Ligand code: FER
């Protein structure tokens, strides 16, 4: 990514460690070795923070095990989810996700016998920035304006723009189309906006400073108040959180978590691939971040149908921040899928992997029979809601 070329980065190790036994280890967390400062208390116990990782201080005296929240590991079994009540329909969805650590080369490469959709750029007026703004759209292969399609908002990294995710090596068009061709992803509209959306009068040159991150933090308003209404007005989109996904790489992953968990009423699927620092207040190797949630407030009002977090084990840019988010979700009893990509840095391998696993899991595809055609639309997604 451009980020790598702009900065000299200090390599750091990812803290994917296993620790000595205590109550915390059953939740995939280490025990605190020194600290007794309480970060969060929940029904599992009291938790502290050591070297950026949530650790267990003491178990709750009356602990009641819940049926979820384990959230770590690759491929979460294959529980069969019978559609009982509307509110429970999605309950086991995340258990059906089968993560594949690396996106296969055969899914990244373009094939001669397949027609790939051509992304195109539109401009919309943003009341948030009070300016015309660009965004790219990918319509499904065999697009039929009489159908209705779910929408995936895909967010780029820092110092990038609406074109970056369309660079061929990122696989945005090829992975999507190859998966649809194999009936392994639903037909959807993919929207790739420009994420730097400063409030009028607050624009600053790109830099590693909170004054610049503010323009990214404000993107939530541009997306919800300007882009989503634009999409509803101009394209045949299926509405509702069960038809709306948000995901992205690095700065885009951070914002997907932020937006998805702030507006869980609007987004049912959240993908954070190598998410950047800034969800919680912190100072990383580059700068101070004001934080978007208190650690114990990273909680969705409506349970996500799927939250997926990933990162390379050798990520030298966001280092262990993705793992911290995973830890916070565990501590907050927020079910999610978390996996690491062995040896990957802050790079295309990590992007391809996150995108591949997310695309092949969203919009209820895991409840469809294998090889069933996924392109039928009016009910290309269930009308049920998750809460
Ligand atoms: C940071 C480190 C990395 C940061 C952002 C990033 C907001 C994002 C990297 C990327 O998008 O590739 O401290 O601050």
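Some points to look at:
- Order of 355, 194, 93 under a 10 Å beta carbon neighbour criterion, fewest first: 194, 93, 355
- Exposure proxy shown here: for 287, 310, 353, the number of other Cβ atoms within 10 Å sets the order, fewest to most, as 287, 353, 310.
- Rounded, prolate or oblate (a/c below 1.5 giving rounded, otherwise prolate when a/b exceeds b/c) for the range 140-248 by Cα gyration tensor: oblate
- Cα centroid separation, the range 159-176 to the range 327-365 (Å): 18
- Residues of the range 263-288 with an amide N closer than 19 Å to a point placed 7 Å from the Cα of residue 367 along the Cα-to-Cβ direction: 264-271.
- Separation of the residue 342 and residue 265 label points, Cα + 7 Å toward Cβ, nm: 4.5
- Per-residue extension of 0.36 nm, minus the Cα-Cα distance of residue 283 and residue 109, leaves a gain of 58.8 nm for this segment.
- Among 182, 112, 187, sorting on how many other beta-carbon atoms sit within 10 Å of each Cβ, with the fewest leading, yields 112, 182, 187.
- Theoretical FRET efficiency, 1/(1+(r/R0)^6), r = Cβ-Cβ of residue 210 and residue 182, R0 56 Å, to 0.05: 0.80
- Short-range pairs are left out: with C-alpha atoms under 8 Å and at least six residues apart, the relative contact order of the range 265-330 is 41 percent.
- Under the simplified labelling scheme, the residue 25-residue 299 pair shows an inter-label distance of 2.9 nm, with each label point 7 Å from Cα along Cα→Cβ.
- In this rough spin-label picture, where each label sits 7 Å from Cα along the Cβ direction, the residue 232-residue 203 distance is 2.8 nm.
- Packing-based ranking, highest mean first, of 209-220, 322-333 given that Cβ atoms within 10 Å are counted: 322-333, 209-220
Every read-out reported here was derived from the displayed coordinates using simple, explicitly stated rules and does not represent laboratory data. This is a predicted model, so every value here is computed, not measured. We place every Cβ from the backbone using ideal geometry, glycine too, and count neighbours over all the protein chains shown.
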